[in-house]
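Data first, discussion second: the structure below is written as structure tokens.
Taken together, the values in this text are just the output of simple stated rules run on the coordinates, not laboratory data. Just so we're clear, the structure is a prediction, and the values are computed from it rather than from any experiment. Cβ coordinates were reconstructed from backbone atoms using ideal geometry, including for glycine residues, and neighbour counts include every protein chain displayed.
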Amino acid sequence: MNLGPIRVSVFGKSDLGRTREHNEDTFLVADLTLRNASLRPEVRDHVVGPRGSLFMVADGMGGAAAGEVASRMAADVIYRHLSTEWGDDPDVSERRFAFRMREAVERANHEIHVYARAHPEMRGMGTTATVAGVQGSNLYLAQIGDSRGYLARGGRLIQLTKDQSLMQRLVEAGELTEEEAEQSERRNIILQALGPDPKVKVELTYQPLRRGDTLVICSDGLFGLVKRDEIAEVIATTPDLAAVCGTLIDLANARGGSDNITVVLARFEGQGLPDADGAAGVEYRVYRPSGDVEPEEPPAMSMAAPPLAGAFAGVRAGGHAAAFGDASAPLPHAPVPLEPAPLESAPGAPQVDAPAPGLAPPPGSSPSFPRALIAILLVVALLIIISLLSRR
């Protein structure tokens, strides 16, 4: 039980970068208790209420304006779902909050997918999504793609999410080191995004908060150019979060600004949080649907159920994908709805199964044998191709 209030200070900023013509990133910050998504003073510094707080970064991809549309739709749908379905839910437990977060991300995927199928010019649209929610003294993160969530504590910056990318899989399989993966020309291949497939596997992780913790959510336009230790140093030496955002974006632009750059920062204080013991206790840990929360070591290559739904592999950033959207000002609030299709699908669009209510299948469940076999063969083929190319 909390001993007192938990106060959060938050700021977010998005920048075009030096090489892109348009900005396909979107970010969102919201006080879910007040149902206020903005960067107004009452949200930039607020007490975490019974419905919690929400922070998000999405990095879109696709042709024409599809990437910008996808990231804005994701932010809109996720905020709308949480502010209504969670906002009106009689059960205000943290377990229910985690359930609603996963449900919101699944809903966003469905609406983006149906919208793309109803609009041929938007086919291939998709977006990453790193969604963080605070309920009580706990932080929950829902992850799709390769935007990242970190926690700064005790002078260190520790990653709370795991990239859903080919390079991450190769690192886990022992085929590449993290340093080799960061330099690889294939580092922009992601294995899952919101939109391309009818269903996604939302990865939900969990972190108990301590007084003075700072959450960092950012797109690859930042972490691809600014090292983790540098981010931690700027946070530790700059009290003002708006100044931290500006400094980090300036650093990325000074190093080429090869992609859109987006960062959201949230700092937690108050008597409702215990004191931190250095960086102890910060780690990647999976939130179990049963309510059990256990730290999890990075697994070896998962051959049974890799995130290759529909055999989708999106290539983004680094000049591999077209630039989308426009260079409008950052959206700290939920964007205006872009006529997302209802669950029964838009007129003329092929029918798509609505996501089943409730949490995703338990971790112990597995796909049917033929699907698992195909997934195994796909991953093995990718490993062989990468190995052959690296020896040239």
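Picking from residues in segment 28-50 that are within 22 Å of the chain's Cα centre (by Cα) and among the basic types (Lys, Arg), the one that is nearest to Ser83 (Cα to Cα) is Arg35. When each of Val216, Val171 is tested for being in contact with a helix residue (DSSP H, G or I) (Cβ under 7 Å, 6 or more places away or on another chain), surrounded by 19 or more Cβ atoms within 10 Å (Cβ to Cβ) and assigned to a helix (DSSP H, G or I), the lone residue that passes is Val171.
State yes or no: is Gln159 surrounded by fewer than 24 Cβ atoms within 10 Å (Cβ to Cβ) and of a type in the set (S, T, N, Q)? Taking the combined requirement at face value, the residue satisfies it. Test Thr205 against the criterion of being hydroxyl-bearing (Ser, Thr, Tyr) and crowded, with 19+ Cβ neighbours inside 10 Å, and give yes or no. For Thr205, the condition - hydroxyl-bearing (Ser, Thr, Tyr) and crowded, with 19+ Cβ neighbours inside 10 Å - is met. Candidates in segment 6-29 are the residues that are of a type in the set (Asp, Glu) and part of a strand (DSSP E or B); of these, the one that is nearest to Tyr79 (Cα to Cα) is Asp25. When the residues of segment 62-101 are filtered to those that are of a type in the set (Asp, Glu) and touching an Asp or Glu at 6+ places or on another chain (Cβ under 8 Å), the one that is surrounded by the most Cβ atoms within 10 Å (Cβ to Cβ) is Glu68. Note on segment 73-166: enclosed strands (runs of 3 or more DSSP E) holding 1 or more residues that are among the charged types (D, E, K, R) are 148-153, 156-159.
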